[in-house]
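> Got a structure for you, questions after.
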Amino acid sequence: MDKDKEMSGKEDKVTEDLVDNQESGVEANVDEKEEKPEKTPGNEANHDAEDSEEEDHEEEGVDYNNFDKAQLLKALKDIVNQQNFIKSDGLVQEIKNHYEEYYNKEKELAHKQYVADGGDEEGFEYRGADEDREFFATYQQFKDKRHEQIRELERSKEKNAQEKNEILDRLRGLVDGEETTNSIKDIKEIQEKWKKIGPVPHNQNKNLWASYNALMDRFYDNRSIYFELKELDRKKNLESKLELCEKAEALAAQEEIKEAIKSLNELHEDFKHIGPVPREEQEALWQRFKGASDAIYNKRKEYYDSQKEVFKANLDVKVKLIEKLDTFKAFKAEKIRDWNNKTKEILAIQKEWEAIGPVPRESGREINKTFWGLFKQFFQHKNQFFKELDEIRHKNKEQAEKLIADAESHLESTDWKETSNHLIQLQKDWKELGPLPEKFRDNLYGKFKKACDTFFDNRRNANKETNKAFEENLAAKEAVCEQIRESAKDKDAISPEHLETLIQQFNEIGFVPRKNMKEISSKFNEAVNAYLSHLDLEGESKDDFLFRLNLNKLQADPNSNRVLNKKEHGIRKQISDLENNITLWRNNLEFFASSKTADKLKDQFEEKIDKAEQEVDKLKKKLSIIREF
């Protein structure tokens, strides 16, 4: 009885000693000679781990200052699709704050517009966009999931507390029970189970740990018969903790500070669960482990201090990019190519901006607002240009539809001569149309061509006299082909101008029977090629003449306008590709160091750039020739 009171008093005393410093789960050790708890990482380890988690969270955070509403919605959805809703609460609140800024600004603008339109201020009701409703619904979904996860965590903690109380009951049975050969084995099993159990409610944590450590001390103190085994066990614990010290000291050489902190937290967790060590080794062991930990924490502090200078340097770079972007705000142009070239430049600046990294928090919002304001201003001007261009194309589409309706109204006409002249004039008018919308161009032309072809097919089938005219046109074109071939034999009289005149005559003759179209086209091409073989043309002048000649030949094709547009588009694409390559090669030149090998490579790149620039000049000249037609 006295012994029970003595042991109970000892448990109460140890509990009182540990109640203020055992929240993190430190195992106390009271020797037979002295009731003094072993010193372990304790609250300091847990505190560092919590700090680490918080700083890791900040380090992994995203700068949402430059996110638009759609990007913020996507970021929120991504978080909702994850599992750790409690940890993500800070990020979600930051996303919500940024989104509400956009939402409030839009609401304010809508209110001003409502009042400006004569609305009553008390009657104003802002519903927002579908995107807004989706965002706030997703935010509510996150809150519901977070609350459920918190409730589930609390239920889990209560279950863990129950399991720990059961372990304490079992431990009390071992402490107060008879000595057996399996006592050490049982106590190790209890320690392992205790370690594996997760967190418990905060208000129970201190008492559970205090009871656990007090009972563990009582176990070791009461087992005098197994004292040697206890000492051996403590020596093994010492070896395990020394191994942890070595691992902690090795972390100082790890470059990735985040991974080092994570590993250190795991070592702290292992350290406090291993068990007591010989009392004479406790202080030195703890100081060694603490010193290794402090080295990592100091390294982390130095890293975050150094980031301040990095963020300031990032700010300076971003300010220079804003100055560069400021030159774009007044840009105006009349050609699509000029807008596209400028767009490439501004997108390149955007890539530089996104690659720079974070800036000091106090400057982030304002500098992002300035940059993206200039960025959006350029694209607003560009959109206005294309809007005006679309209006022109729309007007041309309306005119094309009128020409189609006019042509279709003559499908059943038998006034061959008058209608033919009218349709020919419509075809000329069609060629003079400006650009049409891309998605309607082919369909509109198909309808117009079908209307014209239907009438002329009817005319061919119903009017032999007209067919005779086609035969005469065929004979006339064959005569021109023969004239071209004969002229080619007179070396003194041949000239590019003479050939162009003959081609013009051929194009002006008119239609030939459908069955002879390919044949006469083949004869014409053969005659022109024969003439060209006798012309003394060299170099660039030859290329220009041949290109112009090819365009002249296309004039006889009823689809000439479409073919010319296709050629122009292809040439523009070639120019764009070459200019992109030139820019890339010039950028590569800046990376070559000074050496014989580098100089040789530089010469090769400069030669490629020179050839590409010459090719661009040739292609631009072809574009100017196409515009003449």
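The values are calculated or read from the model by the stated rules, or taken from the named source; none is laboratory data. Computed from a predicted structure; not experimentally measured. Note that we place each Cβ from the backbone using ideal geometry, even for glycine, and neighbour counts take in every protein chain shown. We work out accessible area using only protein heavy atoms, side chains counted, and drop any ligands, DNA or RNA first. Shrake-Rupley method; radii C 1.70, N 1.55, O 1.52, S 1.80 Å.
> Within the group Ser533, Ser560, which residue is modelled with pLDDT under 80 and surrounded by fewer than 16 Cβ atoms within 10 Å (Cβ to Cβ)?
So the residue among Ser533, Ser560 that is modelled with pLDDT under 80 and surrounded by fewer than 16 Cβ atoms within 10 Å (Cβ to Cβ) is Ser533.
> Applying the selection to the stretch 349-359, what residues are exposed (fewer than 13 other Cβ atoms within 10 Å of the Cβ) and in contact with a helix residue (DSSP H, G or I) (Cβ under 9 Å, 6 or more places away or on another chain)? Give the steps one after another, and end with the answer.
As a first pass, look at the stretch 349-359 and keep what is exposed (fewer than 13 other Cβ atoms within 10 Å of the Cβ): 351, 354-355.
Across the stretch 349-359, the qualifying residue is only Glu354.
Matching residues to (1) touching a residue at least 24 places away in the same chain (Cβ under 8 Å); (2) surrounded by 18 or more Cβ atoms within 10 Å (Cβ to Cβ); (3) touching a His at 6+ places or on another chain (Cβ under 8 Å):
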{"position": "Lys450", "(1), (2), (3)": "no, no, no"}
{"position": "Lys468", "(1), (2), (3)": "no, no, no"}
{"position": "Leu474", "(1), (2), (3)": "yes, yes, no"}
{"position": "Arg485", "(1), (2), (3)": "yes, no, no"}
{"position": "Ala488", "(1), (2), (3)": "yes, yes, yes"}
{"position": "Glu497", "(1), (2), (3)": "no, no, no"}
{"position": "Glu500", "(1), (2), (3)": "yes, no, no"}
{"position": "Ser522", "(1), (2), (3)": "no, no, no"}
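> Sticking with this one: Would you check if there is a residue in the stretch 312-319 being more than 30 Å from Glu259 (Cα to Cα), in contact (Cβ under 8 Å) with a residue 40 or more places away in the chain and in a loop (DSSP other than H, G, I, E, B)?
no
> What tally of residues in the stretch 403-429 results from selecting those that are open to solvent by 60 Å² or more (accessible area, probe 1.4 Å) and among the β-branched types (Val, Ile, Thr)?
2
> Also, quick follow-up: Looking only at the stretch 325-348, count how many residues are open to solvent by 20 Å² or more (accessible area, probe 1.4 Å) and among the aromatic types (Phe, Trp, Tyr).
Matching residues across the stretch 325-348 total 1.
> Go through the stretch 235-260 and give me each residue that's free of Cβ contacts under 8 Å to residues at least 12 places away in the same chain and of a type outside the set (A, V, I, L, M, F, W, C).
Selection gives Lys236, Glu239, Glu243, Glu246, Gln254, Glu255, Glu256, Glu259.
> Output the number of the condition that Pro435 fails; it satisfies all remaining conditions of (1) in contact (Cβ under 8 Å) with a residue 40 or more places away in the chain; (2) assigned to a helix (DSSP H, G or I); (3) open to solvent by 60 Å² or more (accessible area, probe 1.4 Å).
(2)
> Another one. Please pick out the residue among Glu508, Glu465, Glu538, Glu472 that is over 25 Å from Val563 (Cβ atoms), modelled with pLDDT under 85 and more than 56 Å from the chain's Cα centre (by Cα).
The match here is Glu465.
> Is it the case that some residue within the stretch 482-503 is assigned to a helix (DSSP H, G or I), at pLDDT 80 or above and within 29 Å of Thr414 (Cα to Cα)?
No, the stretch 482-503 has no match at all.
> Given the criteria in a helix (DSSP H, G or I) and under 30 Å from Leu76 (Cβ atoms), does Glu163 qualify?
Criteria not met by Glu163.
> Quick one: count up the residues across the stretch 173-200 that are open to solvent by 40 Å² or more (accessible area, probe 1.4 Å) and more than 60 Å from the chain's Cα centre (by Cα).
Of the residues in the stretch 173-200, 7 are open to solvent by 40 Å² or more (accessible area, probe 1.4 Å) and more than 60 Å from the chain's Cα centre (by Cα).
> Of the residues Ala479, Ala400, only one is over 30 Å from Lys320 (Cα atoms) and open to solvent by less than 50 Å² (accessible area, probe 1.4 Å); which? Don't jump to the end; show me each part of the working.
Working: Ala479 fails: open to solvent by less than 50 Å² (accessible area, probe 1.4 Å).
The conditions single out Ala400.
> For Glu519, which of the numbered conditions (1) under 60 Å from the mean Cα position of the chain (by Cα); (2) among the charged types (D, E, K, R); (3) at pLDDT 85 or above; (4) closer than 22 Å to Ser420 by Cβ fails to hold?
Exception for Glu519: condition (4).
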